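A short write-up of the structure that comes next.
The values are calculated or read from the model by the stated rules, or taken from the named source; none is laboratory data. Quick caveat, the model's predicted, so the values are computed rather than measured. So basically every Cβ, Gly included, is an ideal-geometry build from the backbone, and we count neighbours across all protein chains shown.
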Amino acid sequence: MNTSLTSTARLLGAALRALLVLTAVTGIAYPLAITGIAQGLFPGRANGSEISADGRVVGSSLIGQSYHLPPNGAPDLTWFQGRPANGLGTNDVNTRYDLILSGATNRSADSPELVRWVRDARAAVVRDNSVPGHRIDPADVPADAVTSSGSGLDPDISPEYANLQVRRVAARNGLPVEEVRKLVAEHTEARTLGFIGEPRVNVLQLNVALKGMAGGSR
């Protein structure tokens, strides 16, 4: 009986010591080491890839933003617009981009609702971006202008969609079209490593630069 109790106590003691050591290594030492390495080598990414303007953080380069007028009304056409966010749903929390939830539309390609969303989005893109003397051809509206991403929070758009918005943004901000087009070109990122993904434009970074340009021209 005493031998059994002694063995049990020894096993419990070993288990407790192992728990304490593993907790210290995996729960304290390892997280601190990785955090230190991340802060030392990649501080921007480690802190959320924050973007600052006018001395304050305005968002993250990894998360799309809403450019709708409050409260969730018509889009503010002064700015470049991102992709639709149908995957976020229509409740107040999601449409404020508070990141409580994210997700895709979960609609199949032949879903009547998805087809209607795409048609409505294309009509809105044509209407919003057509300016006097230049009407947008519906055939020129790219896919990312009318479909949401898998998360609903894609921060990037295609160069085609960005350039489609140039004339409207230039007119709204009183800027020369060519200057705005050049701004888009300067913020167009190539494929990662030259072959991964597609060329893209980060909408928040582009709008921060646009604000600087528009402020300097007034």
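S148 - would you say it is assigned to a loop (DSSP other than H, G, I, E, B) and under 21 Å from H68 (Cα atoms)? So that I can check it myself, show each step before the final result.
Working: assigned to a loop (DSSP other than H, G, I, E, B): yes; under 21 Å from H68 (Cα atoms): yes.
It is true that S148 is assigned to a loop (DSSP other than H, G, I, E, B) and under 21 Å from H68 (Cα atoms).
Condition first: closer than 13 Å to F80 by Cβ and polar (S, T, N, Q). Now tell me which residues in region 145-191 satisfy that.
Matches in region 145-191: S158, N163, Q165, N173, T188.
Regarding region 176-190, can at least one residue be identified that is touching a His at 6+ places or on another chain (Cβ under 6 Å), without any contact (Cβ under 8 Å) to a residue 40 or more places away in the chain, surrounded by 14 or more Cβ atoms within 10 Å (Cβ to Cβ) and not in a strand (DSSP E or B)?
No, because not a single residue in region 176-190 is touching a His at 6+ places or on another chain (Cβ under 6 Å), without any contact (Cβ under 8 Å) to a residue 40 or more places away in the chain, surrounded by 14 or more Cβ atoms within 10 Å (Cβ to Cβ) and not in a strand (DSSP E or B).
Could you check region 191-211 and list, in sequence order, the residues that are loosely packed, with under 12 Cβ neighbours inside 10 Å and either basic (K, R) or touching a residue at least 40 places away in the same chain (Cβ under 8 Å) (or both)? So that I can check it myself, show each step before the final result.
In the first step, residues of region 191-211 are kept if they are loosely packed, with under 12 Cβ neighbours inside 10 Å; the result is 191-197.
Answer for region 191-211, where residues must be loosely packed, with under 12 Cβ neighbours inside 10 Å and either basic (K, R) or touching a residue at least 40 places away in the same chain (Cβ under 8 Å) (or both): just R191.
Within the set of pairs 6 or more residues apart or between chains, which connect a residue that is farther than 17 Å from P159 by Cα inside region 119-141 to a residue that is among the polar types (S, T, N, Q) with Cβ atoms less than 8 Å apart?
As it stands, the answer is A121/T147; D128/Q81, since those pairs meet every condition given.
State whether the residues of region 75-88 include one that is at pLDDT below 90, exposed (fewer than 12 other Cβ atoms within 10 Å of the Cβ) and part of a helix (DSSP H, G or I).
no
Given the criterion of a type in the set (A, V, I, L, M), under 17 Å from L62 (Cα atoms) and touching a helix residue (DSSP H, G or I) at 6+ places or on another chain (Cβ under 7 Å), identify the matching residue among V208, V201, V184.
V201
Please work out which one of (1) over 27 Å from A214 (Cβ atoms); (2) at pLDDT below 95 is the condition P138 fails and give its number.
So P138 meets the others, but not (2).
Name the pairs: first residue in region 35-58 and farther than 26 Å from G212 by Cα, second residue modelled with pLDDT of 90 or more, Cβ to Cβ under 6 Å, at least 6 apart or on different chains?
Partner pairs satisfying both residue conditions: A46/A38; A46/Q39.
Since S149 meets every condition but one in (1) in contact with a Lys or Arg (Cβ under 8 Å, 6 or more places away or on another chain); (2) at pLDDT 90 or above, which condition does it not meet?
Failing condition for S149: (2).
I'd like to verify a number: residues in region 54-74 that are surrounded by 13 or more Cβ atoms within 10 Å (Cβ to Cβ) and either in a loop (DSSP other than H, G, I, E, B) or outside the structural domain of V131 (by TED's automatic domain parsing) (or both), how many?
Restricting attention to region 54-74, the residues satisfying the condition of being surrounded by 13 or more Cβ atoms within 10 Å (Cβ to Cβ) are 58-68.
Filter once more, so that each one left must be either in a loop (DSSP other than H, G, I, E, B) or outside the structural domain of V131 (by TED's automatic domain parsing) (or both): 61-67.
Number satisfying all stated conditions: 7.
Being at pLDDT 75 or above, surrounded by fewer than 15 Cβ atoms within 10 Å (Cβ to Cβ) and not charged (D, E, K, R) is the filter here, so list the residues in region 95-111 that pass it.
Across region 95-111, the qualifying residues are A104, N106, S108, A109, S111.
Among the residues of region 152-166, are any over 18 Å from W79 (Cα atoms), surrounded by fewer than 15 Cβ atoms within 10 Å (Cβ to Cβ) and not acidic (D, E)?
Initially, region 152-166 is screened for residues over 18 Å from W79 (Cα atoms), giving 152.
Then drop every residue that is not surrounded by fewer than 15 Cβ atoms within 10 Å (Cβ to Cβ), which leaves none.
No, because not a single residue in region 152-166 is over 18 Å from W79 (Cα atoms), surrounded by fewer than 15 Cβ atoms within 10 Å (Cβ to Cβ) and not acidic (D, E).
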